[in-house]
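Take a look at the structure below.
The values are calculated or read from the model by the stated rules, or taken from the named source; none is laboratory data. None of these values were measured; they are calculated from a predicted model. Cβ: placed from backbone, ideal geometry, glycine included. Neighbour counts: every protein chain shown. Quick note on the areas: whole protein, heavy atoms, side chains included, nothing else; ligands and nucleic acids left out. Shrake-Rupley method; radii C 1.70, N 1.55, O 1.52, S 1.80 Å.
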Amino acid sequence: MDDLYREQILEHYKNPHHFGEITDADITQEGDNPLCGDVITLYLKLDDGRVGDVRFRGRGCAISQASASMLTDMIVGKPVQELKTFPTKDLLEELGIPISPARMKCATLSVNTLRVALNGDSHDEED
Ligand code: FES
């Protein structure tokens with residue numbers, strides 16, 4: 001496993017980007033991993049059909065929280081219409097390490113929560 005990527009994940013975990021809340025968010029969505037009880041909450045502020053601002057709060061393993069942090073970097077400023085079909089594999093690539101089936105729920109918690117936030121369904125796309 002590549003140490004550089006591990007370091008990047010730990011860095012996001014320790015200093016998550018866009019961490020916090022948006023009190024007047026247009027969309028607030030909580031997601032959880034039922035296997036472990038870890039949670040994240042996404043706050044989205046929309047601006048002319050785009051994600052104007054995003055914040056998240058969460059509690060969980062390094063992979064789930066780092067992936068949420070990375071996801072916020074990837075979606076800010078993007079058109080909502082495009083993000084409705086945000087490919088899970090893009091986030092997995094950003095994580096940069098092989099994700100075992102056992103950790104897949106950790107790695108995809110944030111993107112699944114985003115999908116529910118924007119589409120209102122919990123379609124679980126994992127590949
Ligand atoms: Fe709970 Fe990873 S162990 S999300």
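Tabulated values for the structure
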quantity: Residue that is under 23 Å from residue 104 (Cα atoms) and touching a residue at least 60 places away in the same chain (Cβ under 8 Å), where the choices are 8, 65; calculated: 8
quantity: In the range 68-92, residue nearest to the ligand (Cβ to nearest atom) [restricted to those that are open to solvent by less than 10 Å² (accessible area, probe 1.4 Å) and in contact (Cβ under 8 Å) with a residue 40 or more places away in the chain]; calculated: 68
quantity: Hey, residue 23 at negative phi, of a type in the set (Ser, Thr, Tyr), assigned to a loop (DSSP other than H, G, I, E, B) and at pLDDT 95 or above or not; calculated: yes
quantity: Criterion: open to solvent by 60 Å² or more (accessible area, probe 1.4 Å) and without any contact (Cβ under 8 Å) to a residue 60 or more places away in the chain - qualifying residue of 47, 53; calculated: 47
quantity: Residues (part of a helix (DSSP H, G or I), open to solvent by 70 Å² or more (accessible area, probe 1.4 Å) and without any contact (Cβ under 8 Å) to a residue 24 or more places away in the chain) located in the range 93-122; calculated: 93, 101, 102
quantity: Extreme residue, most open to solvent (accessible area, probe 1.4 Å), among residues of the range 28-43 that are in contact with a Leu (Cβ under 8 Å, 6 or more places away or on another chain) and more than 14 Å from the ligand (Cβ to nearest atom); calculated: 28
